[in-house]
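This report refers to the structure that appears directly beneath it.
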Amino acid sequence: MPKEGRKPEPAIAPDVTGAELDRSVRQQLRTLSKENADGVAQHLVMVAALLEAEDLDGALAHAETAVRRAGRVPAAREALGFVAYRMGDFARALTEFRTVRRLSGSSHLLPLMVDCERGLGRPARALELLGSPEARQLGQEEQVELLIVGSGIRRDMGQPQAAVLALQGQVDKVKNKPWAARVWYAYADALLEVGREADARSWFAKAAVADQDGETDAIERVEELDGVHLQEVPDSDVQAVPEGEGDDTSSTP
């Protein structure tokens with residue numbers, strides 16, 4: 001059977017050099033030849049740029065190319081896993097994240113792995129990962145992400161009160177932390193599910209103030225609870241005002 005030809009690589013934007021990568025990622029690429037390292041770096045930069053532009057198919061093409069060229073580089077496998085995660089392909093994302101953990105020895109992707117198990121409809125496995133020794137060794141931000149995911153898992157399992165309790169001890173501790181908005185948003189969501197609408201509205205409002213980067217739709221959730229529903233008016237429904245009408249420029253006789 002003839003060998004399958006090498007797939008054509010997606011184009012690199014003219015202004016992308018690869019030097020935009022973090023130093024830690026560039027360090028991982030030192031195991032490659034200089035030419036290959038530079039090419040993989042460019043593809044990884046393209047993955048990040050296209051994810052930001054919501055071009056998931058384009059990001060996937062570059063991530064797959066990076067893995068074909070550097071399959072044993074953790075950063076390449078992580079990029080492909082993250083694109084798959086964003087696309088909702090949780091099985092593929094989980095496979096890539098497991099590979100990253102094996103190659104790097106790091107468990108920093110554990111919150112995403114837990115969420116993948118949740119997305120695959122395996123809450124028991126997700127909770128098992130949540131309580132693993134590796135989870136207890138993570139840094140503060142990753143620990144908080146695990147709590148958020150864990151709260152969602154308990155809601156999936158029909159345990160809304162447990163979802164509230166999972167985050168209750170953190171809501172005051174995360175004040176002034178970069179992840180405060182995400183914690184407060186998740187807490188508000190859990191409160192809403194147990195019928196504490198006024199409390200939920202209060203925490204959604206706090207999340208909206210803290211969310212400087214627009215990571216959540218907290219503002220919309222507050223408006224929804226307040227009964228504010230904004231609708232776009234089709235252009236066909238907008239009547240033009242004839243020239244001269246509506247002006248208050250006529251002189252008084």
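The values are calculated or read from the model by the stated rules, or taken from the named source; none is laboratory data. Predicted model, so just to flag it, every value in this text is computed and none were measured. Virtual Cβ from ideal backbone geometry, glycine too; neighbours counted across all protein chains shown. Calculation scope for accessible area: heavy atoms of the full protein, side chains included, ligands and nucleic acids excluded. Shrake-Rupley method; radii C 1.70, N 1.55, O 1.52, S 1.80 Å.
If the condition is being open to solvent by 30 Å² or more (accessible area, probe 1.4 Å) and in a loop (DSSP other than H, G, I, E, B), then the range 167-184 contributes 169, 170, 172, 173, 175, 176, 177, 178.
For the range 46-59, the tally of residues that are surrounded by fewer than 22 Cβ atoms within 10 Å (Cβ to Cβ) and in a helix (DSSP H, G or I) stands at 8. For the range 147-165, the set of residues classified as within 18 Å of residue 112 (Cα to Cα) and open to solvent by 10 Å² or more (accessible area, probe 1.4 Å) consists of 147, 148, 149, 154, 155, 156, listed by residue number.
Of the helices (runs of 4 or more DSSP H) lying entirely inside the range 104-166, the ones with 3 or more residues being within 26 Å of residue 24 (Cβ to Cβ) and charged (D, E, K, R) are found at 140-156.
Candidates in the range 23-70 are the residues that are of a type in the set (Asp, Glu) and over 19 Å from the mean Cα position of the chain (by Cα); of these, the one that is nearest to residue 89 (Cα to Cα) is 64. Reported count of residues in the range 61-99, each being open to solvent by less than 30 Å² (accessible area, probe 1.4 Å), assigned to a helix (DSSP H, G or I) and either at pLDDT below 95 or not charged (D, E, K, R) (or both), is 17. Across the range 188-205, the qualifying residues are those that are touching a Lys or Arg at 6+ places or on another chain (Cβ under 9 Å) and of a type outside the set (A, V, I, L, M, F, W, C), and the one among them that is surrounded by the most Cβ atoms within 10 Å (Cβ to Cβ) is 189.
Look at the range 85-103: where a residue is more than 18 Å from residue 121 (Cα to Cα) and β-branched (Val, Ile, Thr) and a partner is open to solvent by less than 50 Å² (accessible area, probe 1.4 Å) and not in a helix (DSSP H, G or I), sitting 6+ places away or on another chain with Cβ atoms under 6 Å, you get 100/109. Scanning the range 104-145 for residues that are of a type in the set (Gly, Ala, Ser) and within 17 Å of the chain's Cα centre (by Cα) gives a single hit, 119.
Do the conditions hold for residue 32, that is, is it open to solvent by less than 70 Å² (accessible area, probe 1.4 Å), in contact with a helix residue (DSSP H, G or I) (Cβ under 7 Å, 6 or more places away or on another chain) and touching a residue at least 40 places away in the same chain (Cβ under 8 Å)?
Details: open to solvent by less than 70 Å² (accessible area, probe 1.4 Å): yes; in contact with a helix residue (DSSP H, G or I) (Cβ under 7 Å, 6 or more places away or on another chain): yes; touching a residue at least 40 places away in the same chain (Cβ under 8 Å): yes.
Yes; evaluated as a whole, the condition is true for this residue.
Per the conditions (1) within 23 Å of residue 104 (Cα to Cα); (2) in a loop (DSSP other than H, G, I, E, B); (3) hydroxyl-bearing (Ser, Thr, Tyr), the sole criterion not satisfied by residue 24 is (2).
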